[in-house]
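Here's the structure, in structure tokens; my notes come after.
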Amino acid sequence: MNLDFTEEQEMLRTSARDFLSTECPKTAVRELEESEEGYSKEMWKKMADLGWMGLVLPEEYGGTGGEFMDLIILLEEMGRNILPSPFFSTVVLCSLPILEYGTEEQKKEFLPKIANGEMIMSLALAEPSAIYNASGIKVKASLQGDEYVINGTKLFAHDAHIADYLLVVTRTTEGANPQEGITLLLVDAKSPGVTSSVVPTAALDKQCEVIFEDVKVPRKNMLGAPNQGWGIVKRLLEQATVAKCAEMLGGGQAALEMSNSYAKERVQYGRLIGDFQTIQNYLANMWIDMETSRNITYEAVWMVGEKLPCTKEVSIAKAWVSEAFKFITERGVQIHGAIGMTRDHDMGLYYRRAWAWDVLFGDADFHKEVVAQQLGL
Amino acid sequence: MDFSLTPEQERLRKEFDDFFKEEMKNAPPGWGGSLEDMYSADEGWEFHRYMARKLAEKGWLVRAWPKEYGGQDASIMEQVIFGEVSAYHKSPGVDVFGIGLLGPTLLAVGSEEHKKEYLPPIARGETMWCQLWSEPNAGSDLAALATRAVREGDYYVVNGQKTWSSGAHRGDWGFAIVRTDPEQKRSRGLSFLLLDMKAPGVTVRPLLGMDKTHLFNEVYFDNVRVPVKNRVGEEGKGWDVTKAMMNFERTNVGMIFTVKRGLEDLIEFCKETKRNGEPLAKNPLIRNKLAQIAVEVEVGIALAYRIAWIQEKGGPAAMVEAGALAAASKVYGTELNQRFSYVGHQILGPYGQVKKESKWAPLQGTIESGFQQVQGMCIAMGTSEVQRNTIAWLGLGLPRSWDEVFKRPMAK
Ligand SMILES: Cc1cc2nc3c(=O)[nH]c(=O)nc-3n(C[C@H](O)[C@H](O)[C@H](O)COP(=O)(O)OP(=O)(O)OC[C@H]3O[C@@H](n4cnc5c(N)ncnc54)[C@H](O)[C@@H]3O)c2cc1C
């Protein structure tokens, strides 16, 4: 056993924190939230120059060959700073499955462009049914000659409006077992028949509706085997879920630190509000939630990285961490009083994210059901 | 004991219900009934003023007030019924500040001139008020306030800053608590003034909420001249007026009925919406959450009726004695709103975050705006923590933990 980060990982954390706090102050976060695109092109370029997009891609594809845990550290820092960017969509949700399941040709086509910041991608998985089970996949792709033709609507696809390519989870055959008959397609976002539009959401985090009308995709753009795509989705959901937990760790820590500092500076009744035991108890509970969230996340991350069976561990992490993040930000607002309710205060940025990330890739109830199944119930 | 309403009360409830059902058809699109909805967009404010006029025409706007000031001398119970029905239909119209707070306070401690001058336009639904109490350094600890008023002949000259003033950008008048004697500490040396928001030297700046709605404001006073006759109570005795008003802040059957209505809408949604091929309403987990809220709503109503009964029997004085119960009801009502909003969010899943302007927004986006607004209720009008302090002190006889004697040296 070794529960420490390596020296390189600690350095990565420090440099990521420095970069984000200088390049993306909270004023920039608010502006980007309001902007149509939702990210800064210059910042994106700088992130690529730092090697972030290619952090876990092998050198032959323009990356630096890091491990999954490295990416997690970066995500923790992004969550801490609330970085509005298509990083999660591009790197976690799309580059990882292409790396693991793509043909050599696909890897050569996509990964170097992702690594150097040229290509933005978005995963089009969820649908109006809003469930993360295979039975929720209804968008149809039918093989006609050498092309797939896609029809249907995807929803809550982050960053689809700015993506160059979409990774689309489609249904190619209908059968008794919903997990069969799912095929993943890499779709040029500029293909005729693709319409992406941003759905306004609480976190202003650019979740899109994507409509496909007779969209033609060459067969060679299929990721993995036909009809066997659910295996890829399962794997990518495991990666995405723990990656989201890492972002929540960063966000939770920041919200806790902010509240703790406020309790040590705000004076009412002639004393610090941190002097009141009620406030101390809130902070202590927030701290417990943070500390219990850390290693339950890292353990699941480690298992995902090592490709160990980890369905249960991933769900345990999400069920715990997303509740913890909600609790920490909710108490954080309460400790701040009225100022915590304002647009100009940073606490609300975290509070809104906590609710958005809670429902992403399944909320606590969804994951507790998975845990129950894993317990043989 | 008898928990039933009289036939007359039942009839009244039906009359209120019919009225609101009809009038609420005039609500602007996406109307959710929150203070944010009312103060933020012009349509919301117009609708509020429209409903105020309609209610005034019916003679219902200030039912509890004496007839001579435009009211009907209605009993507390009748008022509770009115409050329930109005909240259930998400109706605006009744100005929280003018009708809910200032009116009863003037009736209790105001001069005859004040009553004659200020109450009738409120009763006609013409003037709207705002509350100018909190300051940057005086939130929970209101007595720490620093806004100064200096007497010059027949005027007070006011300088300073208030903050979190809900609807100050809409209100015609504001009631403020200010320091008239700087030699005196804390709650002594304060005076209570009625202030024309259009007076020279008053500047109102918006403070946007986290969902970008415009509910509250900063209000700056730069040599604002307020006639001495606009002072309520004696000079230096403003705290007594403030305390009297605080007792009117906590009557809140409406908050429970807002949840009752929200729950009904959510239940309807769960019956209509299928997920995984089955209506949400069939999911045991969801049933349990909905049932829990239903239980909590009934508990809240029972508590509100108990408080109303105490008031009906003993008048406002009894209410002061029941301070701990009133605090409990404030905490219960606001925290129930919060729990409801979170349950709604869980049930709607990813749809819970969709804003009302999107075609994908269920329940007109009320869950999305709700989860960003509810916490304000747990902070405004005395935070949940401060209410619990009050319960510990008044209800349980525990020491006042925030008093000077318990103060420890500032740790760093
Ligand atoms: C939506 C909204 C509308 C409002 N509208 C108005 C308005 O119209 N007019 C107006 O004048 N004001 C208004 N307010 C202000 C409101 O009255 C204050 O926010 C409230 O009194 C709390 O003050 P504060 O925000 O400065 O928090 P603080 O008093 O600084 O409190 C910070 C934290 O410390 C806690 N705390 C403070 N003292 C104690 C204690 N003794 N024991 C334990 N915990 C303690 C608080 O509970 C809170 O969690 C509004 C506020 C909100 C949120």
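Counting every pair of alpha carbons in the protein assembly as shown, the share spaced more than 41 Å apart comes to 39 percent.
Once you've got the Cα coordinates, tell me which of B:Lys274/B:Lys356; A:Lys113/A:Lys216; A:Lys318/B:Lys289; A:Lys216/B:Lys274 are over 25 Å apart.
On the way: B:Lys274/B:Lys356 21 Å; A:Lys113/A:Lys216 23 Å; A:Lys318/B:Lys289 20 Å; A:Lys216/B:Lys274 31 Å.
Distance filter (> 25 Å) returns A:Lys216/B:Lys274.
Each part reduced to its alpha carbon centroid, the range B:309-353 and the range B:138-171 end up 29 Å apart. The alpha carbons of chain A occupy a box of 78, 50, 43 Å along the principal axes, longest dimension given first. In 5 Å bins starting at zero, report the fraction of Cα pairs in the range A:7-118 per bin as a rounded %. Values per bin, smallest distances first: 2, 12, 23, 24, 19, 12, 6, 2, 0.
With respect to chain A, whose longest principal axis is taken over its alpha-carbon atoms, helix A:7-23 is tilted by about 80°. For B:Glu135, the amide hydrogen comes within under 5 Å of the amide hydrogens of B:Thr163, counting only partners 5 or more places away or on other chains and with H modelled in the peptide plane.
An ellipsoid equivalent to the range B:131-236, defined through the eigenvalues of its Cα gyration tensor, has semi-axes of 23, 16, 10 Å when rounded to whole angstrom and sorted largest first. If you take all other residues with their beta carbon under 13 Å from the beta carbon of A:Pro97, and give Lys and Arg +1 and Asp and Glu -1, the sum is +1. Around A:Lys190, with a cut-off of 13 angstrom between Cβ atoms, what is the net charge of the other residues, counting Lys and Arg +1 and Asp and Glu -1? Value of the local net charge: -1. Within the shell of other residues whose beta carbon sits under 9 angstrom from the beta carbon of A:Met121, the net charge comes to -2, with Lys and Arg scored +1 and Asp and Glu -1. Projected onto planes of every orientation and averaged, the convex hull of the alpha-carbon atoms in the range A:259-377 covers 8.6 nm².
Taking the Kirkwood radius as Rh and the Cα radius of gyration as Rg, the range B:246-289 has a ratio of Rg/Rh equal to 1.26. Report, ordered by chain and residue number, the aspartates and glutamates lying within cross-link reach of A:Lys307, taken as a straight Cα distance under 13 Å and ignoring same-chain residues fewer than 8 apart. Straight-distance partners of A:Lys307: A:Glu67, A:Glu100, A:Glu238, A:Glu299.
The mean number of partner chain beta-carbon atoms within 10 angstrom of a residue's beta-carbon across peptide A:80-89 is 0.
Output needed for the range B:250-399: three equivalent-ellipsoid semi-axes, defined as square roots of 5 times the C-alpha gyration tensor eigenvalues, in descending order, whole Å. Intermediate values should be presented prior to the final figure.
Numbers: eigenvalues 230, 49, 32 Å².
Its equivalent ellipsoid spans semi-axes of 34, 16, 13 Å.
Note on the range B:1-105: lysine pairs with Cα distance below 17 Å, sequence gap of 8 or more or different chains, count 9. Per residue of peptide A:196-203, the mean number of Cβ atoms on other chains within 10 Å of the residue Cβ is 6. What's log10 of I(q)/I(0) for chain B at q = 0.06, 0.07 Å⁻¹, Debye sum over Cα points only, no solvent? Once normalised to I(0) and log-transformed, intensities are -0.25, -0.35. Mean separation of Cα pairs under 8 Å and 6 or more residues apart, divided by the residue count, gives the range A:37-164 a relative contact order of 24 percent. When you count the other C-beta atoms within 10 angstrom of each residue and take the mean per peptide, B:117-123, A:85-91 line up highest first as A:85-91, B:117-123. A:Phe276 sits with roughly 40 Å² accessible to a 1.4 Å probe, with DNA, RNA and ligands left out of the calculation. Both chains summed, the buried accessible area for B and A stands near 4500 Å², from protein heavy atoms and a 1.4 Å probe. Using Cβ point charges alone (K and R +1, D and E -1), the dipole size of the range B:342-412 about the Cα centre works out to roughly 160 debye.
The calculated 222 nm mean residue ellipticity attributable to helices in chain A amounts to -16000 deg cm²/dmol, summing -39500 (n - 2.57) over DSSP H runs of n ≥ 4 and dividing by all residues.
How large is the dipole of the range A:231-374 about the Cα centre if only Lys and Arg carry +1 and Asp and Glu carry -1, each at its Cβ, rounded to the nearest 20 debye?
Values: 16 positive and 18 negative charges, 30 e Å.
The calculation lands at about 140 debye.
Averaged per residue, chain A has 38 square angstrom of accessible surface, using a 1.4 angstrom probe with ligands and nucleic acids left out.
Neighbouring Cβ atoms from other chains, within 10 Å of the Cβ of residues in A:355-363, number 4 on average.
When the Kirkwood radius is taken over all Cα pairs of the range A:197-250, what Stokes-Einstein diffusion coefficient follows at 25 °C and 0.890 mPa s, in µm²/s?
Values: Rh = 14.4 Å.
Once the numbers are plugged in, D ends up at 170 µm²/s.
Within a straight-line Cα-Cα reach of under 17 Å, B:Lys359 can be paired with the following lysines, leaving aside sequence neighbours fewer than 8 residues apart in one chain: A:Lys154, A:Lys206. Within the same chain, lysines fewer than 8 places from B:Lys229 are excluded, and of the rest, those with a Cα less than 19 Å from its Cα are B:Lys115, B:Lys116, B:Lys198, B:Lys237.
Calculation over all alpha carbon pairs of the range A:59-147 in 10 angstrom steps from 0 returns a P(r) of 14, 36, 34, 14, 1 percent.
Could you give the dipole magnitude of the protein assembly as shown about its Cα centre, charging the beta-carbon of Lys and Arg +1 and that of Asp and Glu -1, in debye to the nearest 20?
Numbers: 88 positive and 107 negative charges, 317 e Å.
In total the dipole reaches around 1520 debye.
Any idea what % of Cα-Cα pairs in the range B:7-94 are farther than 22 Å? Before the final figure, lay out the partial values.
Numbers: 994 of 3828 pairs.
More than 22 Å apart: 26 percent of the Cα pairs in the range B:7-94.
Taking the longest Cα principal axis of chain A as reference, the axis of helix A:347-359 is set at about 40 degrees.
The values are calculated or read from the model by the stated rules, or taken from the named source; none is laboratory data. Please read all numbers here as calculations on a predicted model, not as lab measurements. Here Cβ is always computed from backbone atoms with ideal geometry, including for glycine, and neighbour counts include all displayed protein chains. Ligands, DNA and RNA are excluded from the accessible area calculation, which covers all protein heavy atoms including side chains. Shrake-Rupley method; radii C 1.70, N 1.55, O 1.52, S 1.80 Å.
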